[in-house]
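Undergrad: There's a structure below that I have some questions on.
The values are calculated or read from the model by the stated rules, or taken from the named source; none is laboratory data. Quantities reported herein were computed from a predicted structural model and do not represent experimental measurements. So basically every Cβ, Gly included, is an ideal-geometry build from the backbone, and we count neighbours across all protein chains shown.
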Amino acid sequence: MLLALACDRLFGEPSRFHPLVAFGRWAAWLERRFNIPEKMAEPVTAVRGLLALIIVLSPLLPLALLFIWLAQQSLLLWVIVQVLVLYSCIGWQSLQQHVLAVASALEQNNIASARKKLGWIVSRDTAQLSADEIAQADIESLLENSSDALFASLFWFALGGALPVLLHRWVNTLDAMWGYRNPRFNYFGRAAARLDDVLAYWPARITALCFILAGPNRKDAWRCWRTQAKHCASPNGGAVMTAGAGALNIRLSERACYHGEWKHKPPMGCGIAATPQHIVPAVKLVKSSISVFFLLWLFVSQLLNAIIQLVFGG
C-alpha cells in the first residue's frame, strides 16, 4: 500500500493508458447494446442492467486466475503487479490537483476559472455559484471522492489484494456512468448503484472515523455524523461529508443547482459556512487521515493475529 501511494505521489495518474478509462469504454460499449429504454418495459430494463453488470465485470475471473498463476511463478512479480493495480486505482494525487486548482483560481479572484475547474469534478451546475459556494462544493467533492478514490481502495486491498480493489473501482465507475435517476438509467443502472452502495458501506464509515480521529473537532465531527448523515441523499457520502465538515468546524453547501433547478440540501457540518480559505485545511485533513488509516489497520491486524494465535496457536 505504501509503495502504491508513493507511485501515486511521484507519477500521478497514468497519462498514456489508464485501466479505468479502458474499463469505462468497455462499459459504455456494452451499455449502448443492452440499454434501449424506449423499447423495453421497466422490469426488463432492470434485468438487462443486471445482466450487463455481470458481463462487464466478467474480466475479473481471468484476472483472478492470472494473479494465482503469477503467485505460483514469482512472488516478486506478483507483488509488483499487486502494487501496480492498486496504484492505478488510487486517484489521490489527481484529486488533490483538481481541488487545489480550484483553490488557486479563487485565490486569484478568477471566479470564471474556478467555476470551470470545479465543473471537472462535480456534477452540479457551477455557472451561478459564488466564491464561497464554489469552495463548499470543492470541499464536498474532496471529502466524498477521497473515500471512493483513496480509502476504499486501501480498505479492499488490505482485505484481499488487487482483485477486490478492481471490483470496487469498476463498480464505482459503473455507478458514475449508469447510476443516474433519469429516464435512461433509472432502471438499467439500479443494480450497479446498489452494488456500489454495498461495496462502499464500510470504507465510507472507516473514512469518516479517520476524519474524526485526525481532525481538531472530534466531538463535533462525531455529532454531525450521528445526526446529519441519515438525512443526506447518499447513504455513504453523507457519512463522509458530515464527519469531515464537523472535523473542520465548517458548514458545506446548503443548496445546489442541477440542470437549471436549485435544490436545498440537508445541513452538513457545523460552525461557519466554508470559504475558499478552508480548502487547504480540508486537503490536510485527508492527508492526516491516511496516517490514521494505517495506524488503525496495523492495530486491527495485530489484534486479529493475536486472536488467531490464541485460538489456533496451541
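Undergrad: What are the residue pairs meeting all of these: first residue in region 294-305, first residue under 20 Å from residue 5 (Cα atoms), second residue not in a helix (DSSP H, G or I), Cβ atoms under 9 Å, and 6 or more apart or on different chains?
TA: Hits for this filter: 294/1; 297/1.
Undergrad: Give the residues of region 266-276 that are touching a residue at least 24 places away in the same chain (Cβ under 8 Å), surrounded by fewer than 23 Cβ atoms within 10 Å (Cβ to Cβ) and on the phi < 0 side of the Ramachandran plot, sorted by residue number. First the steps, then the outcome.
TA: Kept after step one, since they are touching a residue at least 24 places away in the same chain (Cβ under 8 Å), are these residues of region 266-276: 266-271, 273-276.
Add one more test, that the residue is surrounded by fewer than 23 Cβ atoms within 10 Å (Cβ to Cβ), and what stays is 266-267, 270-271, 273, 275-276.
Listed by number, the residues that qualify are 266, 267, 270, 273, 275, 276.
Undergrad: Separate question: Please work out if residue 149 is modelled with pLDDT under 95 and either under 24 Å from residue 95 (Cβ atoms) or in contact with a helix residue (DSSP H, G or I) (Cβ under 9 Å, 6 or more places away or on another chain) (or both).
TA: For residue 149, the condition - modelled with pLDDT under 95 and either under 24 Å from residue 95 (Cβ atoms) or in contact with a helix residue (DSSP H, G or I) (Cβ under 9 Å, 6 or more places away or on another chain) (or both) - is met.
Undergrad: Name the residue that is farthest from residue 181 (Cα to Cα), counting only residues in region 37-63 that are loosely packed, with under 14 Cβ neighbours inside 10 Å and among the small types (Gly, Ala, Ser).
TA: 58
Undergrad: Right, another one. Under the condition of being among the hydroxyl-bearing types (Ser, Thr, Tyr) and touching a residue at least 24 places away in the same chain (Cβ under 8 Å), which residue from region 154-194 is nearest to residue 293 (Cα to Cα)? I'd like the intermediate steps shown before the answer.
TA: Looking only at region 154-194, we keep the residues that are among the hydroxyl-bearing types (Ser, Thr, Tyr), and these are 173, 180, 187.
When the remaining residues are screened for being touching a residue at least 24 places away in the same chain (Cβ under 8 Å), the result is 173, 187.
On the way: 173: 24, 187: 36 Å.
Here the answer is 173.
Undergrad: Which one is farthest from residue 44 (Cα to Cα) among residues in region 190-246 that are of a type in the set (Phe, Trp, Tyr) and within 14 Å of the chain's Cα centre (by Cα)?
TA: Going through region 190-246, the residues of a type in the set (Phe, Trp, Tyr) turn out to be 201-202, 211, 222, 225.
Add one more test, that the residue is within 14 Å of the chain's Cα centre (by Cα), and what stays is 201-202.
Details: 201: 28, 202: 31 Å.
It comes out as 202.
Undergrad: So residue 256 ticks every box in (1) crowded, with 16+ Cβ neighbours inside 10 Å; (2) assigned to a helix (DSSP H, G or I); (3) modelled with pLDDT under 95 but one. Which box is left unticked?
TA: The single condition residue 256 does not satisfy is (2).
Undergrad: Please list, ordered by first then second residue, the pairs with beta carbon atoms under 6 Å, 6 or more apart or interchain, first in region 21-38 and modelled with pLDDT under 90, second β-branched (Val, Ile, Thr).
TA: What qualifies is 37/45.
Undergrad: Additional query: Does residue 225 fit the bill of being farther than 25 Å from residue 118 by Cα, aromatic (Phe, Trp, Tyr) and either without any contact (Cβ under 8 Å) to a residue 24 or more places away in the chain or in contact with a Ser or Thr (Cβ under 8 Å, 6 or more places away or on another chain) (or both)?
TA: Answer is yes for this residue.
Undergrad: Looking at region 119-133, can you tell me whether even one residue there is buried (at least 17 other Cβ atoms within 10 Å of the Cβ), among the aliphatic types (A, V, I, L, M) and under 26 Å from residue 32 (Cα atoms)?
TA: Within region 119-133, one or more residues are buried (at least 17 other Cβ atoms within 10 Å of the Cβ), among the aliphatic types (A, V, I, L, M) and under 26 Å from residue 32 (Cα atoms).
Undergrad: Take region 118-148 and flag every residue that is under 25 Å from residue 221 (Cα atoms) and free of Cβ contacts under 8 Å to residues at least 60 places away in the same chain. Steps first, answer last, please.
TA: The initial filter retains those residues of region 118-148 that are under 25 Å from residue 221 (Cα atoms), namely 121-122, 131-148.
121, 122, 141, 145, 148, listed by residue number.
Undergrad: So, one more: Of everything in region 268-278, what is within 21 Å of the chain's Cα centre (by Cα) and not in a strand (DSSP E or B)? Give them in sequence order.
TA: Of everything in region 268-278, those that are within 21 Å of the chain's Cα centre (by Cα) and not in a strand (DSSP E or B) turn out to be 268, 278.
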